[in-house]
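Student: Mind looking over this structure? Questions follow.
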Amino acid sequence: MEDKVMIINGKVILPDGIKENAVIFINRGRIEDIKESSEIVNQVEYEKYDAKGKYVSPGFVDIHVHGGRGSDFMDVTVEDFDNITKYHTSGGTTALLATTASTSKEKILAVLETMKLVKLRGSNGAYIIGAHMEGPYIDYDWKGCHLPSEVRNPDPDEYSEILDKCGHLIRRWTVSLELPGVENFIREIARRGIVVSAGHTGVNYDVVKEALGWGVTHTTHMYCSMSNIVWDKAKRRGGMVESIFLLDELTTEVIADGKHLPGEMLKLTIKNKTTDRIALVSDAMRGSGMPDGEYTFGPKDGQKTIVEDGVAWVPDKHCYASSIAKMIDCVRIMVRTADCSLKDAVKMASIVPAKIIGVEKEFGSIENGKRADIVIFDENFNVDSTWVEGKIIYKA
Ligand SMILES: [Zn+2]
C-alpha cells in the first residue's frame, strides 16, 4: 500500500463511541485525520481500503504475552521473535510486551539482547514496546507454572546488572510482595520508570497497602496465582484480590480466554475496578495457534505443559499454565460472557493497557497524530486485517 491510505465504510471505534460513517486518513504510518464521509469530496492521492461495514478498531496492546505458533520469546532468536509478533497480528495485536518466565540471569540478558536486535532492525509483526519480566523474584508457594528451581529472592547484584545493561528495554516487572529484599528492589525499578506489577503473591491487605508506597501500581492476572482471604489462625484478612478491589490506585488485568475466569468473575472484576482499570491480556504461550499436544512454558527446557481443551495445563492438570488465546478472543469473551459492550472490551484491549504502561500518547486509540495501529474485524470477531503503523501486516 501507498503511504497515504483512507479506510472507508467502517464502523470506527473511537474514544467517544462507535462512528458508522467516519473515514480514517493515514499518512506515513500515522492517523492524519478522521472525517465524516459526507465531508469528503475527492481524495485522489489516497489509496482507498474498503472496510465493508466491519468494525475498525484501535490495534490491541497485549502487555502480557509469552509466545505463540510454537515459539517463546525465551527461545532467544530473532526468528522466534518474528514468528510470535507476526502470529499475534492475526488476533489484532499491534503492540506488545514480550514476557519472560522465571529463569537465570544469563537467559534474561539473552532475551533482552535479542529484543535489542529486533528493535534496532524494526519489527515484522506487532511492535515490541519492551519487556515484561514475569519473575524470577517470585514466592515459591505462588509460583504457578514457573519452574520451582528458577524462582528466588531479589538479589541486588543480579538485578543491578540486568538493569544497568538492559533496564531501558524493561517496561514492566511482575514480583511477589512477600520476599526478603523486595522493597529495595521495587523502589529501584520504580525509580527507573519500570511499571511494578504485584503478582504470584500470597500477601494480605496491609502489605499491599504498604507496597503502594514502594511503587506498585499494577497487578498480574487477577485471581490467578494470588491470595484471596488470607487466614491468620481464626482471623480472616483481605488478600491480594480484596486489595485490588479496595485500592483504586491499583490497576489489574484479566486473562479473558474463557478458561481462566468464568463470566461471573470477569463481571465481578468490572463491577469493582471499572473498565478503566482493567486490561485484557492473552498471557499466551507457545502452544497458541498450534495443534493440541505437549509444549513448554517459557524456554524450550522450561515447565512442561499439555495443550488441550483450549488452554495449557501443567502435566498433573491441577492448574492452568497460561493461555492459548489471542487478543481478539479476549475481546469476544468479554462481550459474550461478561456483559461488556464492544466499545468497553476494545478499550480494555487497547487504551487501558497503553495507559497502564505509560505509552498512551502513541498507542491505544484512533486519534489524530497517533500511530496507525488498527484492526478491522466483523461482528463475529473474525479479523479481516491488522495494520501496524499504517501497513497491513495480517490479512485474512
Ligand atoms: Zn505469564
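Student: Once both axes come from the Cα atoms, what is the angle between helix 156-166 and the longest principal axis of the chain, in degrees from 0 to 90, rounded to 10?
Tutor: So the helix axis and the longest Cα principal axis differ by about 20 degrees.
Student: Let me ask something else. Can you give me the long-range amide H partners of residue 370? Hydrogens built in the peptide plane at 1.01 Å from N, cutoff under 5 Å, separation of 5 or more residues or another chain.
Tutor: Amide H neighbours of residue 370, under 5 Å, 5+ apart: 31.
Student: Can you tell me what share of the DSSP beta bridges in the chain is antiparallel? A percent to the nearest 5 is fine.
Tutor: In the chain, approximately 55 percent of DSSP beta bridges are antiparallel ones.
Student: Please determine, in degrees from 0 to 90 and to the nearest 10, the orientation of helix 182-191 with respect to the longest principal axis defined by the Cα atoms of the chain, where the helix direction is its Cα long axis.
Tutor: Between helix and principal axis, roughly 30 degrees.
Student: Sort 211-217, 311-317, 132-138, 200-206 for me by packing, meaning the mean count of neighbouring Cβ atoms within 10 Å per residue, highest on top. List each step's numbers first, then the result.
Tutor: On the way: 211-217: 17.9, 311-317: 16.3, 132-138: 26.0, 200-206: 21.0.
In decreasing order of mean packing, 211-217, 311-317, 132-138, 200-206 become 132-138, 200-206, 211-217, 311-317.
Student: Another question, if that's okay. What order, most packed first, do the peptides 263-270, 53-60 have when packing is the mean number of other Cβ atoms within 10 Å of each residue?
Tutor: Averaged packing, sorted descending, gives the order 53-60, 263-270.
Student: Continuing with the same structure: Quick check: pseudo-label points 7 Å beyond the Cα along Cα→Cβ at residue 152 and residue 274, how many nm apart are they?
Tutor: Simple spin-label model gives 4.3 nm for this pair.
Student: Taking a cut-off of 13 Å between Cα atoms, list the aspartates and glutamates near residue 35, but don't count ones fewer than 8 places away on the same chain.
Tutor: 20, 367
Student: Which entries in the list 361/395; 4/395; 48/395; 11/355 go over 22 Å, if you measure between the two C-alpha atoms of each?
Tutor: Long pairs (Cα-Cα over 22 Å): 361/395; 11/355.
Student: A further question follows. Using Cα pairs closer than 8 Å and at least 6 residues apart in sequence, work out the relative contact order for the chain, in percent.
Tutor: Working: 995 pairs, mean separation 83.7, N = 396.
Result for the chain is 21 percent.
Where a number appears in this text, it was derived from the coordinates with a stated rule and is not lab data. This is a predicted model, so every value here is computed, not measured. A quick note on method: Cβ atoms are made from the backbone with ideal geometry, for glycine too, and the neighbour counts reach across all protein chains shown.
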